[in-house]
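Student: My structure is below; once you've seen it, I'll send some questions.
The values are calculated or read from the model by the stated rules, or taken from the named source; none is laboratory data. Owing to the predicted nature of the structure, the values given are computational and were not obtained by experimental measurement. Cβ coordinates were reconstructed from backbone atoms using ideal geometry, including for glycine residues, and neighbour counts include every protein chain displayed.
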Amino acid sequence: MRLFGFAWLGVVLSVIFSGVAWAADPVITRVSPISAQQGTEIELTITGSRLADAAELLFTGPGLSVREITTKAGDRLVAKVAVAPDCPVGEHGLRVRTATGISNLITFHVGLLPEIDEQEPNNDFHNPQVIPLNTTVRGVVENEDVDYFAVELKAGQRLSVEVEGMRLGKSFFDPAVAILDSKRFVLATADDTAFGGQDAVCAAVAPADGRYIVQVRESAFGGSGDSFYRLHVGTFPRPLAAFPLGGAAGQTLKVRWVGDPLGPWEEDLTLPTQPADRWPILAHRDGQAAPTPNWMRVSASGPETAEVEPNDVPAQATPATAPGACNGVLERPDDRDFFRFSAKKGQAYEIRLLARQLRTPVDSVLTVHAADGRQLAANDDAGSPDSIIRWTAPDDGEYLVGVRDHLKAGGPEYVYRLEVTPVQPKLRLSLPERQQFRDIVAAVPRGNRYAFLVSVAREDFDGPVDLRFEDLPPGISVETFPIPPGQSVVPVILTAAAEAPLEGRWVSVRGVSKIGEQEIVGELLQRTSLVRGQNNREYWNFYSHRLATAVTEAVPFRVTIQQPKVPLVQGGTMELVIKAERDAGFDGPITVAMLNLSPGVSAPTSVTIAQGAQEVRMPLTANGQAALGTWKIVALASADLGGTVEVATPPADLTVAAPFVAMTFPQVSLDQGQSGNWQAQVEVRTKFNGNAQVELLGLPSGISSEPQTITADTQQCTFPLRTEPTAPVGLHKSLVVKVTIIQDGEPIVHLLSAGELRIQKPRPAQVAQAAPPPPPPQPTERPLSRLEQLRQQRQNQTATP
């Protein structure tokens, strides 16, 4: 399935339809403040463009509600937002819904601590900004900026410092922090951490009463106006890992927190009733909580095993159950853990280790061994960067799984979770981007359509998949198509009724497949790329299970694909006719691009319905291996009405068929200036009515031929060739035969290879050979004189022995 980008028009129109001043395609670039404390109400300022018709703020999570939008302008809106006391701590996605579109996504953060803003100047160690303990500071590091903050501590108090920089999703900002005493001696410092990624976490215990300084900077002393941070400073607990690193859904665990300078402690924790790949958990101690969550895995079910030391060698392996999960710690450098389980011959298992994706420092290497210790399988980073092994038991018996760190590192925070589960079918859904790093939103104009692609990724099955949409805004209907085995991408069309209310929602999208009585369900996981580094390497993304969807004001045009009556043949071409219906007063250009095409079929990036025109032709080309069958295709059309608006066509059927005709050509050689016939053998594979026109294309300059006709009964087709004396010499291989069959008034165009044509220079004319010259005349014989006779006689006597 091929996707195409868009060449959006650069002309800005100022058009008013039905009382709507269009400002579609809203964009938000910044939100201020970037965060707020639970249980507070704030005034949120959002800057961007095309925001004058803002109607709603769409937050991805619960606990954030808009009291009132007080200011609306093209580049700015101000809203009063209430943060519920139980609003989840951490990252929330935010989009602005306007009357004419849905914006891009940015993030807003919710915390536990009171929040204050950095006050410049605070870049002098001796004149830091004084802040209260247990505070979150919102700040920014300009180029070569270093920010200092001062707090008062008692001897023995813990000072925890955590900075959120990259995790804010604003820019490529790599912060570093340090804790210093009043004499500038460093008590603790950190740059990158496994827990925070590019962000830094450190803590220290005050050796004496007094003032302590917290330093924040960019790790390479860079920075910019976009290098925002949230700095959490206080006496709160800041563990770096939890043991165990997961459990079964609904289970109550006794969690041991590690990595805090005051030492480990335990806390009871009840897991949610639904499985989750990553579940946020907050550590509590002495009435305080960590400012940001740690992460755990919540499994559907299965026995849980904790490692029992010593288990460093196969003979000491901790007994475990498969399927099931094991939780362990690589407690010291060069530590290695083994687990023993039983398996049946032929049973296929997925053996997965979880550590880095749950933000612990283990760089795992996973191995599978026979009971006698022989290694049977191994993996390092297949889980990117954790380890995964697909393994099938060769016989009934006991087997071992070994875990170690790639660099032989270890310590109390080197916590991991090992899951051994039968290989089972899995299904995942995503929304392919049409423009790199621009995620999909569904803004559906009243009385019109919007379309996008849904991609399904099957694992260990290849059955049909049906799509299901839940919580669509009122007045929107959805048209989906079954996704057959072997196909992974399908269009979805949303249609808004002409009187649908202007409303937006987050819509759930699921894929469902059945294998016998087993139902396989996959949820949507949409990725929004927020922070990228060099070569567009993605450093921080936001993930959502729901699609932002809204009804927007009507647009002044609609588009349709004229349903083709004939197939597109492999190795052939077709022109799709795309028609526009315009409202009175709108005659601007409309850009059209294909949302999807069948495998092996291609089209231009876009074509344009010219100003005032009613249609355009979109050329399609099928390669010789294009997939046969009938496919649903959709086109998208856009116009600039002070911002880009986009609508979709209804679906059309595109049938790809095998060629009706095949031709075989012998290699032909002609001299420059010579004429001749090129005779092809014709094989009609699909009967057709009437005559088909046959043209020889790609002839070099100086060579010509006339079009021919064939019928369904033709077996040979002869092309008369005429060459000029200047025709290029050589072997010409790029010749094509265009066969056009008219069916139901529409052309079926074949492009067939015409073999090779050789043009050569004529041989030079032969020159007649001249007759050999006659021999020289022989002298006439005369009688010898007396003297000559005597000489000859003497010679004869001398020669006689």
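Student: Can you tell me how many residues within the range 415-438 are buried (at least 20 other Cβ atoms within 10 Å of the Cβ) and either touching a helix residue (DSSP H, G or I) at 6+ places or on another chain (Cβ under 9 Å) or within 23 Å of Val645 (Cα to Cα) (or both)?
Tutor: Going through the range 415-438 one residue at a time, the tally reaches 4.
Student: What residue, of Gly486, Gly533, is modelled with pLDDT under 95 and within 27 Å of Leu168 (Cβ to Cβ)?
Tutor: Gly533
Student: Tell me which residues, restricted to the range 103-136, are of a type in the set (A, V, I, L, M, F, W, C) and within 28 Å of Glu56 (Cα to Cα).
Tutor: Leu105, Ile106, Phe108, Val110, Leu112, Leu113, Ile116, listed by residue number.
Student: Working only within the range 658-677, note down all residues that are farther than 27 Å from Gln625 by Cβ and either of a type in the set (Lys, Arg) or assigned to a strand (DSSP E or B) (or both).
Tutor: Correct list: Val668, Ser669, Leu670, Asp671, Ser675, Gly676, Asn677.
Student: Still on this structure, please answer the following. Show me the strands (runs of 3 or more DSSP E) entirely contained within the range 357-411 in which 1 or more residues are on the phi > 0 side of the Ramachandran plot and in contact with a Leu (Cβ under 6 Å, 6 or more places away or on another chain).
Tutor: No strands (runs of 3 or more DSSP E) qualify here.
Student: Next question. Applying the selection to the range 218-248, what residues are of a type outside the set (A, V, I, L, M) and assigned to a strand (DSSP E or B)?
Tutor: Within the range 218-248, Glu218, Phe228, Tyr229, Arg230, His232, Gly234, Phe243, Gly246, Gly247 qualify.
Student: Collect the residues in the range 393-414 that are under 20 Å from Trp295 (Cβ atoms) and buried (at least 21 other Cβ atoms within 10 Å of the Cβ), keeping them in residue-number order.
Tutor: Those that are under 20 Å from Trp295 (Cβ atoms) and buried (at least 21 other Cβ atoms within 10 Å of the Cβ): Val403, Asp405, Glu413, Tyr414.
Student: Name the single residue, out of those in the range 614-646 being modelled with pLDDT of 95 or more, of a type outside the set (A, V, I, L, M) and under 19 Å from Ile590 (Cβ atoms), that is farthest from the chain's Cα centre (by Cα).
Tutor: Gln614
Student: Identify all residues within the range 679-703 that are free of Cβ contacts under 8 Å to residues at least 40 places away in the same chain and assigned to a strand (DSSP E or B); write none if there are none.
Tutor: Gln681, Val682, Glu683, Val684
Student: Do you know which residues across the range 142-168 are part of a loop (DSSP other than H, G, I, E, B) and buried (at least 23 other Cβ atoms within 10 Å of the Cβ)?
Tutor: Selection gives Gly165 alone.
Student: Check every one of the strands (runs of 3 or more DSSP E) wholly within the range 51-92 and list those with 1 or more residues that are outside the structural domain of Glu164 (by TED's automatic domain parsing) and over 17 Å from Ala548 (Cα atoms).
Tutor: 64-73, 76-83
Student: Report yes if some residue within the range 268-278 is among the charged types (D, E, K, R), within 23 Å of Leu159 (Cα to Cα), part of a strand (DSSP E or B) and more than 36 Å from the chain's Cα centre (by Cα); otherwise report no.
Tutor: The answer is no, given that none of the residues of the range 268-278 is among the charged types (D, E, K, R), within 23 Å of Leu159 (Cα to Cα), part of a strand (DSSP E or B) and more than 36 Å from the chain's Cα centre (by Cα).
Student: Taking the range 184-199 as the search range and keeping residues that are among the polar types (S, T, N, Q) and in a strand (DSSP E or B), which one is surrounded by the most Cβ atoms within 10 Å (Cβ to Cβ)?
Tutor: Thr193
Student: Do we find that Leu502 is in a strand (DSSP E or B), hydrophobic (A, V, I, L, M, F, W, C), under 20 Å from Pro26 (Cα atoms) and in the same structural domain as Ser455 (by TED's automatic domain parsing) in this structure?
Tutor: So Leu502 fails the test.
Student: Looking for something touching a helix residue (DSSP H, G or I) at 6+ places or on another chain (Cβ under 9 Å), buried (at least 16 other Cβ atoms within 10 Å of the Cβ), touching a residue at least 24 places away in the same chain (Cβ under 8 Å) and of a type in the set (D, E, K, R) - is there at least one such residue anywhere in the range 86-108?
Tutor: Checking the range 86-108: at least one residue is touching a helix residue (DSSP H, G or I) at 6+ places or on another chain (Cβ under 9 Å), buried (at least 16 other Cβ atoms within 10 Å of the Cβ), touching a residue at least 24 places away in the same chain (Cβ under 8 Å) and of a type in the set (D, E, K, R).
Student: Here's something else I'd like to know. Return the residue satisfying two criteria in turn: it lies in the range 303-338 and is assigned to a strand (DSSP E or B), out of contact with any Asp or Glu (no Cβ under 9 Å at 6 or more places or on another chain) and touching a residue at least 60 places away in the same chain (Cβ under 8 Å), and of such residues it is surrounded by the fewest Cβ atoms within 10 Å (Cβ to Cβ).
Tutor: Among them, the one singled out is Ala306.
Student: Surrounded by 15 or more Cβ atoms within 10 Å (Cβ to Cβ) and in a strand (DSSP E or B): which single residue out of Thr714, Thr740, Thr709 fits that description?
Tutor: Of Thr714, Thr740, Thr709, the one residue that is surrounded by 15 or more Cβ atoms within 10 Å (Cβ to Cβ) and in a strand (DSSP E or B) is Thr740.
Student: Looking at the range 545-564, which of the residues that are among the β-branched types (Val, Ile, Thr) and assigned to a strand (DSSP E or B) is farthest from Asp583 (Cα to Cα)?
Tutor: Residue satisfying both the conditions and the ranking: Thr549.
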